[in-house]
Amino acid sequence: MTDSASPSFLRPAKVFWLFLVGLLVYGAVLVATVPAGWVWQQAAPRLKLPPQVRVEQVGGQLWDGAAALSFDNRRLRVDWNIRPPSLSDLTLPVGFSLSSVSSSLDGEAILSWPESASVTASGAIRVREFEDLIRQSGGAMLEGDITVENIQFSLDQEGLARARGLATWPGGLVSWPMGNAMQTADFPPMQALLQDRGEQEGRVALLISELGQTTPVAEADVFPDGMLEIRVYKRLVDLAGQSWSGAAQPGDVIFRVRQPILPGRSR
């Protein structure tokens with residue numbers, strides 16, 4: 001009587017799969033530990049950033065890193081963390097944080113194959129931090145912080161597919177230039193509602209109104225070509241307790257301006 005030969009543990013098929021798993025693990029470790037600065041050096045010559053944006057420093061790893069930016073001579077910091085991808089729906093979630101000296105936004109971007117993405121974020125904006133830009137553009141200065149409760153963007157192969165968001169301000173003093181003097185008024189709590197204009201692809205609107213109200217006191221439209229159009233209704237003048245000559249109704253537009261969002265952009 002003879003004993004049958006026991007099967008070999010390292011059969012060719014098992015060797016192949018062990019090699020494949022090892023290769024995948026090695027590739028994942030390599031991607032996770034590759035320096036983000038080296039990746040940026042390779043990618044920078046192929047990217048065309050707006051002239052107002054400069055990447056000054058990139059650190060950490062590709063999987064978990066940070067970058068110091070300058071936007072129109074204002075310092076910003078971006079931190080990111082790439083999370084495990086989902087093979088079932090082919091998505092890659094990326095957590096991020098965008099911060100300045102005293103303002104910040106935290107959120108998540110989900111990159112989907114082949115060419116789509118969605119972004120959600122929330123945070124707080126310290127208005128006083130941007131006083132120089134507000135004064136330079138002749139805008140109104142708010143007292144306190146603006147809370148970004150939730151903003152959502154979706155992009156596809158055609159561009160912006162969806163935009164939604166809400167920001168609130170608790171109310172307080174507002175000051176704005178009028179002639180050679182400054183005017184001030186005490187405003188109630190306000191909100192800004194972000195939404196896409198479904199009838200025009202890529203166009204985004206910001207509707208400003210009293211908190212909990214749907215009738216806007218001002219609107220701003222951002223167009224795909226980078227232009228910004230602002231419309232102010234007489235309702236805002238009434239809210240500020242200011243007089244207005246003529247027979248304008250609360251829903252009448254009393255001020256309209258159209259200009260590029262970024263300096264140096266032509267119409």
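The values are calculated or read from the model by the stated rules, or taken from the named source; none is laboratory data. Because the structure is predicted, anything quoted here is derived from the model rather than measured. Note that each Cβ is placed from the backbone with ideal geometry, even for glycine, and that neighbours are counted across all protein chains shown.
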Checklist entry - What about GLY95, is it over 25 Å from PRO51 (Cα atoms), surrounded by fewer than 16 Cβ atoms within 10 Å (Cβ to Cβ) and in contact with a Gly (Cβ under 9 Å, 6 or more places away or on another chain)? => result yes
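Taking strands (runs of 3 or more DSSP E) that do not extend beyond region 133-186, which have at least 2 residues that are more than 23 Å from SER104 (Cα to Cα)? Before you say what the answer is, go through the steps one by one.
Values: elements: 145-156, 159-169, 172-178.
Correct list: 159-169, 172-178.
Taking region 139-154 as the region of interest, how many residues are among the β-branched types (Val, Ile, Thr) and more than 17 Å from LEU173 (Cα to Cα)?
First, the residues of region 139-154 that are among the β-branched types (Val, Ile, Thr): 146-148, 151.
Next cut, more than 17 Å from LEU173 (Cα to Cα) only: 148, 151.
Qualifying residue count for the region: 2.
A quick yes/no check of all residues on (1) surrounded by fewer than 16 Cβ atoms within 10 Å (Cβ to Cβ); (2) closer than 26 Å to ILE125 by Cβ; (3) modelled with pLDDT of 85 or more:
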{"site": "ASN73", "(1), (2), (3)": "yes, yes, no"}
{"site": "PRO85", "(1), (2), (3)": "yes, no, no"}
{"site": "SER104", "(1), (2), (3)": "no, yes, yes"}
{"site": "ILE110", "(1), (2), (3)": "no, yes, yes"}
Checklist entry - From GLU129, GLU115, which residue is more than 21 Å from PHE71 (Cβ to Cβ) and of a type in the set (D, E, K, R)? => result GLU115
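Return the residues of region 70-87 that are in a strand (DSSP E or B) and either within 22 Å of ASP145 (Cβ to Cβ) or more than 17 Å from the chain's Cα centre (by Cα) (or both); say none if nothing qualifies.
Within region 70-87, the subset in a strand (DSSP E or B) is 70-71, 74-82, 86.
Once the filter is applied, which keeps residues that are in a strand (DSSP E or B) and either within 22 Å of ASP145 (Cβ to Cβ) or more than 17 Å from the chain's Cα centre (by Cα) (or both), region 70-87 yields PHE71, ARG74, ARG75, LEU76, ARG77, VAL78, ASP79, ILE82, SER86.
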Checklist entry - THR168: hydroxyl-bearing (Ser, Thr, Tyr), over 24 Å from GLY226 (Cβ atoms) and modelled with pLDDT under 90, yes or no? => result no
Item to check | Residues satisfying the stated conditions in region 54-89, i.e. free of Cβ contacts under 8 Å to residues at least 12 places away in the same chain and more than 24 Å from THR33 (Cα to Cα) | outcome: ASN73, SER88
Checklist entry - Does region 88-132 hold any residues that are part of a strand (DSSP E or B) and among the aliphatic types (A, V, I, L, M), and which are they? => result LEU92, VAL94, LEU98, LEU105, ALA109, ILE110, LEU111, ALA117, VAL119, ALA121, ALA124, ILE125
Item to check | Flag if SER88 is within 27 Å of ARG128 (Cα to Cα) and not aliphatic (A, V, I, L, M) | outcome: no
Checklist outcome for this item: Within region 179-222, residues at pLDDT below 85 and either surrounded by 14 or more Cβ atoms within 10 Å (Cβ to Cβ) or of a type in the set (Phe, Trp, Tyr) (or both) come out as ASP196, ARG197, GLY202, ARG203
